[in-house]
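Enquirer: I am attaching a structure below and will ask some questions about it afterwards.
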There are 2 protein chains.
Amino acid sequence: MARTETKKNLDRAQEIYLTAAQLFVERGMDSTSVADIADRLKMTKAGLYYYFTSKQELLYQIVTLGLDSVKDEVLDPARKIKNAEQRLEFIILNHARLAAEGNHAVIIVSHEMNALSFKQREAMLERRREYFEFVRGTLVELKTEGKLRDIDITTATFTLFGMILWLPRWFRPTGKLSVKKVCQDVCAMALKGLLRSH
Amino acid sequence: MARTETKKNLDRAQEIYLTAAQLFVERGMDSTSVADIADRLKMTKAGLYYYFTSKQELLYQIVTLGLDSVKDEVLDPARKIKNAEQRLEFIILNHARLAAEGNHAVIIVSHEMNALSFKQREAMLERRREYFEFVRGTLVELKTEGKLRDIDITTATFTLFGMILWLPRWFRPTGKLSVKKVCQDVCAMALKGLLRSH
DNA sequence: GAAATTCTACCGAACGGTAAGTAAAAATCC
DNA sequence: GGATTTTTACTTACCGTTCGGTAGAATTTC
């Protein structure tokens, strides 16, 4: 009756979340019906509801997955880097990599959130804010070191995110540009835009 | 019965398009029902259908409005600027201004297009492509002049658009940052990121 | 009074979600 | 270790609501 969190169950749940995430990125959440998700997984709509209680909760699970990815692969490792300039470079390169590789759950975090409940949205915004403040803090450090150009730090932080988060909109890993090359270029452009030349 | 394009009619139609555009930006197109648009305009759903034949066509009208704005206020004036560096600065400053001021029709152009028909989408993508190629061409010019940094030009163009088009996601003109200041900062950051220092 | 504009009242389709049922696997009992 | 019970992982069939869209009447404008 109620769902128990066995290992196998978690694997299947993740598979479902990732498939849904892919569809949400492809066509948007509102244009993706629960039946569409079921079709791609070759099961029925009702079968899906064994794994989540509402479409809203499904979205929340996906968003959580995306936030976990950024935490594990960008935020936590970056915290260990003392030097602010090196840290900034690490953040840009690795967040850009996640975005360029087409990690659907990560991509959704910067998109759909109107569909979440108030509490869910607050929880998610808080985690996002934590990450934002960490990056902004790195820029503040660089400012006190005299390395940052003379532009508003908040504007700089948001605009940096714009450069990174725009990647999934145009970049396809199948083209002639590699993920690595494109991340390096975005990183170079961002760093030159942010830091004084010396 | 059928709609004639009188002057007054056009004014009212534009008012309706802009109100719809605002709602589409606020909540997304799929989450905005035609009845929602009618409510904000203090009329009924059926009354709205006097001005367009389908929700799809309404979106297309809005997208056309947005593309016209960019053409009139960015593309056409920029074509008259001979110097590539000055032209690039003009493009960034003015496109950023449109985005930061909250021109809803302009904002939609970079968002919703899955909802369009194939023909509509092609027509709109063609106009967008024209603008993209113009900006890219400016970067190519700067490259031949030896002024551009050593990064892939396509990546540079898309990333520049990311910086500009991300603006509406975070910036609100009511805060302590002015539209002018934020556009100048974004422009400075972009130019430093793109051009060699001399 | 004719044309332009907006309303009332409704339709059919699609959607999110649920109730009831079930085959197969797993766990429990003796 | 064979029989019995329980749980897992779904399915079929359906419900209530909302949505885009329409026909035709009513109202407003000139």
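Enquirer: Quick one: net charge around residue B:125, please, counting Lys, Arg +1 and Asp, Glu -1 for every other residue with C-beta under 14 Å from its C-beta.
Expert: Details: positive: A:169, B:119, B:121, B:127, B:128, B:129; negative: B:112, B:122, B:126, B:130, B:133.
Residues close to residue B:125 contribute a combined charge of +1.
Enquirer: Could you give the nm distance between label points at residue B:19 and residue B:197, where each point is 7 Å from its Cα heading toward the beta carbon?
Expert: Roughly 5.3 nm, to one decimal.
Enquirer: Calculate the dipole size of segment A:7-194 relative to its Cα centre from +1 charges on Lys and Arg beta carbons and -1 charges on Asp and Glu beta carbons; express the result in debye to the nearest 20.
Expert: Here segment A:7-194 has a charge dipole of around 320 debye.
Enquirer: Could you give the size of the charge dipole of the protein assembly as shown about its Cα centre, using +1 on the Cβ of each K and R and -1 on the Cβ of each D and E, expressed in debye and rounded to the nearest 20? Please list the in-between numbers first.
Expert: Values: 62 positive and 50 negative charges, 66 e Å.
For the protein assembly as shown, the charge dipole is close to 320 debye.
Enquirer: Which order results if B:111, A:104 are arranged by neighbouring Cβ count within 10 Å, fewest first? Don't jump to the answer; show the numbers that get you there.
Expert: Values: B:111 18, A:104 21.
Going from sparsest to densest Cβ surroundings: B:111, A:104.
Enquirer: Between residue A:147 and residue B:85, what is the spin-label point distance in nm, taking each point 7 Å from the Cα along the Cα→C-beta axis?
Expert: Here the answer is 2.7 nm between the modelled labels.
Enquirer: Considering only DSSP states other than H, G, I, E and B, which trypsin sites (Lys or Arg not before Pro) in segment A:59-145 qualify as loop sites with at most 11 other Cβ atoms within 10 Å?
Expert: Values: sites: A:71, A:79, A:80, A:82, A:87, A:97, A:119, A:121, A:127, A:128, A:129, A:136, A:143; in loops: A:80, A:82.
Sparse-neighbourhood loop trypsin sites (Lys or Arg not before Pro): A:80, A:82.
Enquirer: Hey, if you put +1 on the Cβ of every Lys and Arg and -1 on every Asp and Glu Cβ in segment A:7-194, which of A:142, A:155, A:51 ends up farthest toward the positive end of that dipole?
Expert: A:51
Enquirer: Continuing with this model, one more query. Counting other beta carbons within 10 Å of each residue's own, what order do B:124, A:189 fall into, fewest first? Could the numbers behind the result be given before it?
Expert: Numbers: B:124 19, A:189 25.
Ranked by crowding around the Cβ, least crowded first: B:124, A:189.
Enquirer: Which whole-number percent gives the relative contact order of segment A:36-126, counting Cα pairs below 8 Å spaced six or more residues apart?
Expert: On the way: 54 pairs, mean separation 30.9, N = 91.
Value for segment A:36-126: 34 percent.
Enquirer: With each label point set 7 Å from Cα along the Cα-Cβ vector, what nm distance links residue B:57 and residue A:43?
Expert: Modelled inter-label distance: 4.3 nm.
Enquirer: Compute the Rg to Rh ratio over chain A from the alpha carbon atoms, using the Kirkwood formula for Rh, and round to two decimal places.
Expert: Numbers: Rg = 18.8 Å, Rh = 18.3 Å.
Over the Cα atoms of chain A, Rg/Rh equals 1.03.
Enquirer: Here's a follow-up. Across bins of 20 angstrom width beginning at 0, how are the C-alpha pair distances of the protein assembly as shown distributed, in whole percent?
Expert: For the protein assembly as shown, the pair-distance distribution reads 24, 56, 19, 1.
Enquirer: Rank the residues B:186, B:106 as a footprinting-exposure proxy: fewest other Cβ atoms within 10 Å of their Cβ go first. Walk me through the intermediate numbers first.
Expert: Numbers: B:186 31, B:106 26.
Taking fewest neighbouring Cβ atoms as first place, the list is B:106, B:186.
Enquirer: Additional query: Take every Cα pair under 8 Å in chain B that's 6+ residues apart, average their separations, divide by the length, and report that relative contact order as a whole percent.
Expert: On the way: 163 pairs, mean separation 45.1, N = 198.
Here the relative contact order equals 23 percent.
Enquirer: At 20 angstrom or more along the helix axis (alpha-carbon based) and mean Kyte-Doolittle of -1.0 or higher, what helices does chain A contain? Whole DSSP H runs only. Present the calculation step by step, with values, prior to reporting the outcome.
Expert: Details: long enough: A:7-27 (30 Å, -0.55); A:55-70 (23 Å, 0.44); A:84-101 (25 Å, 0.04); A:118-144 (37 Å, -0.83); A:179-194 (22 Å, 0.73).
For chain A, where a helix must reach 20 Å along its axis and average at least -1.0, the hits are A:7-27, A:55-70, A:84-101, A:118-144, A:179-194.
We did not get these values from a lab; they are worked out from the coordinates using the rules stated. In this text, all values refer to a predicted model and were calculated from it rather than measured experimentally. For neighbour counting, all protein chains shown are included, and Cβ atoms are generated from backbone atoms with ideal geometry for every residue, glycine included.
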